[in-house]
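Please find one structure pasted underneath; my questions will follow.
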Amino acid sequence: MKTVGQHFDEWAPSYDAQIREMVPRYEEIHDTLLSILGLRPPARVLDLGVGTGYTLLRVLEAFDGASVIGLDVSDEMLDRARQRLSGYEDRVTLAHSDIAEPEISGSHDAIVSVLAVHHLYPDQKRHLFGRLWEHVAPGGVFVLADYFRPASRRLLELYRLPEPDAHEAEHDHPDTTAEHLAWLTAAGFSAVDVVWKYEDVGVLVAWRADRER
């Protein structure tokens, strides 16, 4: 059985092309993420599951003063991210880390994750959200773009989603948007919401209060 890291090591060469076929509104997801970050332009951004570095490239291009950190469990993905982000070395730190137990230090104005957290089990997601709250600066934001389990099986008829492949059946553990919002609230975030959604893919936001009580 392949680990998630091994799967993404093998997928890295074709990931950029295939993800746009699998997620037709991939660019719209990123446009939404950048709009959220633009409400309070961040100086420090952490990306969980950096992949080939596309999300961080968009962040670096949009926010001239931002420094970014990208974590990923796949060495092949990290190598491709380094290639994509060459020229930004003074603003970028990339590191190997499993997002189930990410190595995070300091505080960040924004933490983002695109199409990665669904690989975690519910208990791992709850634990992760609690840790992220500790590392989001007061007034900062966590933006989660991912795919989510429909709240009702009836929606599967509406969405007409394809049957999961072997990797999805083994390694994907999507939960509903409502469950994610509840876990983010329980983690301590002061305001959570769904800001964009298309079928089973969505963008959630969770803000940390400017001042803690």
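Read the figures in this text as sums done on the coordinates, not as results from a lab. Predicted, not measured: the structure shown is a model, and the values here were computed from it. Methodologically, a virtual Cβ is constructed for each residue, glycine included, from the backbone with ideal geometry; neighbour enumeration extends over all protein chains shown.
How much of the DSSP beta bridge set in the stretch 4-207 is antiparallel, as a percent to the nearest 5?
On the way: 14 of 33 bridges.
Counting only bridges with both partners in the stretch 4-207, antiparallel ones make up about 40 percent.
Another one. What are the ³J(HN,Hα) couplings of the stretch 54-69, residue after residue, when phi is run through the Karplus curve with 6.51, -1.76, 1.60 and θ = phi - 60°? Round to Hz, x for glycine and proline.
For the stretch 54-69, the Karplus curve yields 5, 4, 5, 4, 4, 5, 4, 5, 7, 10, 4, x, 7, 10, 10, 10 Hz.
Where Lys and Arg each count +1 and Asp and Glu each count -1, what net charge lies around His108 among other residues with Cβ under 13 Å from its Cβ?
In short, +1.
According to a simple spin-label model (label point 7 Å from Cα along Cα-to-Cβ), what is the distance in nm between Asp79 and Met22?
2.0
State the answer as a single residue: which of Pro150, Ala182, Gly87 lies farthest towards the positive end of the charge dipole of the chain, with beta carbon charges of +1 for Lys and Arg and -1 for Asp and Glu, about the Cα centre.
After comparing all options, I get Ala182.
Once you have a ≥ b ≥ c as the square roots of the Cα gyration tensor eigenvalues for the stretch 97-156, tell me rounded if a/c is under 1.5, and otherwise prolate or oblate according to whether a/b is larger than b/c.
prolate
In addition: Answer rounded, prolate or oblate for the stretch 29-128, using the Cα gyration tensor with square roots of eigenvalues a ≥ b ≥ c: rounded when a/c is under 1.5, else prolate when a/b is larger than b/c, else oblate.
In terms of gyration-tensor shape, oblate.
Another one. Amide H to amide H under 5 Å from Val201: which residues, 5+ apart in sequence or cross-chain, H placed 1.01 Å off N in plane?
When sequence neighbours closer than 5 places are left aside, the close amide H contacts are Phe148.
Using 0.36 nm per residue, how much length does the chain from Leu39 to Thr93 gain when fully extended, once their Cα-Cα distance is taken away?
Length difference between fully extended and current span is 17.0 nm.
Could you work out the relative contact order of the chain, using alpha carbon pairs under 8 angstrom and six or more residues apart, expressed as a whole percent?
Relative CO of the chain lands at 19 percent.
Grab the beta carbon distance between Glu61 and Glu103, set R0 = 30 Å, and tell me the FRET efficiency rounded to 0.05.
0.70
Label points 7 Å out from Cα along the Cβ direction at Thr176 and Glu10: separation in nm?
Calculated label separation equals 3.4 nm.
Same structure, new question: Take the chain, connect every pair of alpha-carbon atoms lying under 10 Å apart with a spring to form a Gaussian network, then pick out the residue of Arg84, Arg126, Arg20 with the largest mean-square fluctuation.
Maximum fluctuation in the GNM of the chain, among the listed residues, is at Arg20.
Compute the normalised compactness of the chain: alpha-carbon radius of gyration over 2.2 N^0.38 Å, N being the residue count.
The reported ratio for this selection is 0.97.
Springs between alpha-carbon pairs under 10 angstrom, Gaussian network model over the chain: which of Ala182, Ala17, Ala191 fluctuates most?
Per the Cα network of the chain with a 10 Å cutoff, Ala17 tops the list.
Now a separate question. Once you list every other residue whose beta carbon is under 13 Å from the beta carbon of Leu78, what net charge do they have if Lys and Arg are +1 and Asp and Glu are -1? Could you put the intermediate results ahead of the total?
Details: positive: Arg80, Arg82, Arg84; negative: Asp9, Asp47, Asp72, Asp75, Glu76, Asp79, Asp98.
Cβ neighbours under 13 Å give a net charge of -4.
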